[in-house]
Amino acid sequence: MVSVDFFTVPTIRFEILYVFLVLAHERRRIVHFAVTAHPTAEWTAQQLREAFPWDSAPRYLLRDRDRIFGQDFVDQIKAMGIKQVLSAPRSPWQRAYVERLIGSLRRECLDHIVVFGERSLRRALASYVSYYNCTSSGSESCFAAGTMESRMTSQNTLPVSRRGIRLWAYGSPNDMCKTSGRRQTACEKTAVRGLDFRTQKSSGICCK
């Protein structure tokens, strides 16, 4: 069984980006995500095909009653042999797994960065998804596969605790935030890595 949902992210130019998430329930694993400024039923159906190619479609799909899941999306679900389960109106607790994931994404990543556009948002989310899937699975093979934590561990990183959740902060003095003096989290470091140093220093976007 999987859950799908949308959430919005504002950019520095006051644009609204939509993030589509597909979460598998058995291991709380993020199967697929996508970013767009103009979501449609056709676009959402295409994302579902990309998330479950060939014969990997789940048996059930849980979603809300948002009108963005239009007829094209419903037809695609039926063509893939998936049975959709609709939550009750105004009942996000019936989709607790994906709603909690969205909250974690905001608290641990998006609340600490400034999003410039679709490209920067995809880069930040890709790093977080790699980190999230490794920590949720609890597999030691993640470190050998070259994912975020293995790369960070090889670069003099230190584990830190925040609200009972294990995060990773860069241990090098060069990675200290220029405005508050605290160390940057993994998502913050990834988000500002592609920016010019003068832009980071003048805008102070490396931390909140």
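The values are calculated or read from the model by the stated rules, or taken from the named source; none is laboratory data. A quick note: this is a predicted structure, and the numbers were derived from the prediction, not measured. Methodologically, a virtual Cβ is constructed for each residue, glycine included, from the backbone with ideal geometry; neighbour enumeration extends over all protein chains shown.
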Q: Could you figure out which of (1) closer than 30 Å to residue 13 by Cβ; (2) within 22 Å of the chain's Cα centre (by Cα) isn't true of residue 49?
A: (1)
Q. Of all the residues that make up the stretch 107-139, how many are acidic (Asp, Glu) and closer than 18 Å to residue 15 by Cα?
A. 2
Q.
Please pick out the residue among 36, 44, 40 that is polar (S, T, N, Q), over 21 Å from residue 130 (Cα atoms), surrounded by 14 or more Cβ atoms within 10 Å (Cβ to Cβ) and in contact (Cβ under 8 Å) with a residue 12 or more places away in the chain.
A. 44
Q.
Given the condition at pLDDT below 95 and touching a Pro at 6+ places or on another chain (Cβ under 7 Å), answer yes or no: does some residue in the stretch 69-85 qualify?
A. no
Q: Restricting attention to the stretch 68-90, report how many residues are part of a helix (DSSP H, G or I), under 21 Å from residue 7 (Cα atoms) and without any contact (Cβ under 8 Å) to a residue 12 or more places away in the chain.
A: 1
Q. Yes or no: residue 71 crowded, with 17+ Cβ neighbours inside 10 Å and either out of contact with any Leu (no Cβ under 9 Å at 6 or more places or on another chain) or over 23 Å from residue 105 (Cβ atoms) (or both)?
A. no
Q | Selection status of residue 14, of a type in the set (A, V, I, L, M, F, W, C) and either crowded, with 18+ Cβ neighbours inside 10 Å or assigned to a strand (DSSP E or B) (or both) | A | no
Q: Please work out which one of (1) closer than 14 Å to residue 102 by Cα; (2) out of contact with any Lys or Arg (no Cβ under 8 Å at 6 or more places or on another chain); (3) touching a residue at least 60 places away in the same chain (Cβ under 8 Å) is the condition residue 23 fails and give its number.
A: (2)
Q: Taking residue 65 as the residue in question, decide whether it is in a helix (DSSP H, G or I), exposed (fewer than 15 other Cβ atoms within 10 Å of the Cβ) and not acidic (Asp, Glu).
A: no
Q. For residue 50, all conditions in the list (1) of a type outside the set (A, V, I, L, M); (2) out of contact with any strand residue (DSSP E or B) (no Cβ under 7 Å at 6 or more places or on another chain); (3) part of a helix (DSSP H, G or I) hold save one; what is the number of the exception?
A. (2)
